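First the structure, in the form of structure tokens, and then the observations on it.
The values are calculated or read from the model by the stated rules, or taken from the named source; none is laboratory data. Please read all numbers here as calculations on a predicted model, not as lab measurements. Here the Cβ positions follow ideal geometry from the backbone for every residue, glycine too, while neighbour counts run over all protein chains shown. Quick note on the areas: whole protein, heavy atoms, side chains included, nothing else; ligands and nucleic acids left out. Shrake-Rupley method; radii C 1.70, N 1.55, O 1.52, S 1.80 Å.
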Amino acid sequence: MRLPWPCLLLAPAAAADCALCMEPMGPGAQVRGLPCGHHFHRECIDRWLAVKRVCPSCKFDVSGRGAGS
């Protein structure tokens, strides 16, 4: 599946935990940012979005079809 949001490398000052796997997103981690502003490990969010098209943190509909699609 090809997603329209880029995969980024996380800067050292931006380190946080991935809300899906609860593991740290350390410096150099590949992360994907969603239009709502939340970031997750690329692999974690890609698997999530293959099943559900909403942000796991705020339920923002990333498909553009309406809430909870």
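Residues that are modelled with pLDDT of 90 or more and open to solvent by less than 50 Å² (accessible area, probe 1.4 Å): does the stretch 10-19 have at least one? Scanning the stretch 10-19 turns up at least one residue that is modelled with pLDDT of 90 or more and open to solvent by less than 50 Å² (accessible area, probe 1.4 Å).
Being in a loop (DSSP other than H, G, I, E, B), modelled with pLDDT of 90 or more and loosely packed, with under 13 Cβ neighbours inside 10 Å is true for just one of Met22, Met1. Which residue is that?
Working: Met1 fails: modelled with pLDDT of 90 or more.
Going through Met22, Met1 in turn, just one is in a loop (DSSP other than H, G, I, E, B), modelled with pLDDT of 90 or more and loosely packed, with under 13 Cβ neighbours inside 10 Å: Met22.
Pairs meeting the criteria (first residue in the stretch 37-65 and within 22 Å of Pro24 (Cα to Cα) and in contact (Cβ under 8 Å) with a residue 12 or more places away in the chain, second residue open to solvent by 40 Å² or more (accessible area, probe 1.4 Å) and of a type in the set (S, T, N, Q), beta carbons under 6 Å, at least 6 apart or on different chains) are His38/Ser57; Arg42/Gln30.
Picking from residues in the stretch 25-45 that are over 8 Å from the mean Cα position of the chain (by Cα) and under 20 Å from Val62 (Cβ atoms), the one that is modelled with the highest pLDDT is Glu43.
With the requirement that a residue be among the aromatic types (Phe, Trp, Tyr) and under 10 Å from Cys18 (Cβ atoms), what does the stretch 30-63 give you? Spell out how you get there, then give the answer.
Looking only at the stretch 30-63, we keep the residues that are among the aromatic types (Phe, Trp, Tyr), and these are 40, 48, 60.
Of everything in the stretch 30-63, just one residue is among the aromatic types (Phe, Trp, Tyr) and under 10 Å from Cys18 (Cβ atoms), namely Phe40.
Among the residues here, Cys58 qualifies as at pLDDT 90 or above, touching a His at 6+ places or on another chain (Cβ under 7 Å) and surrounded by fewer than 16 Cβ atoms within 10 Å (Cβ to Cβ).
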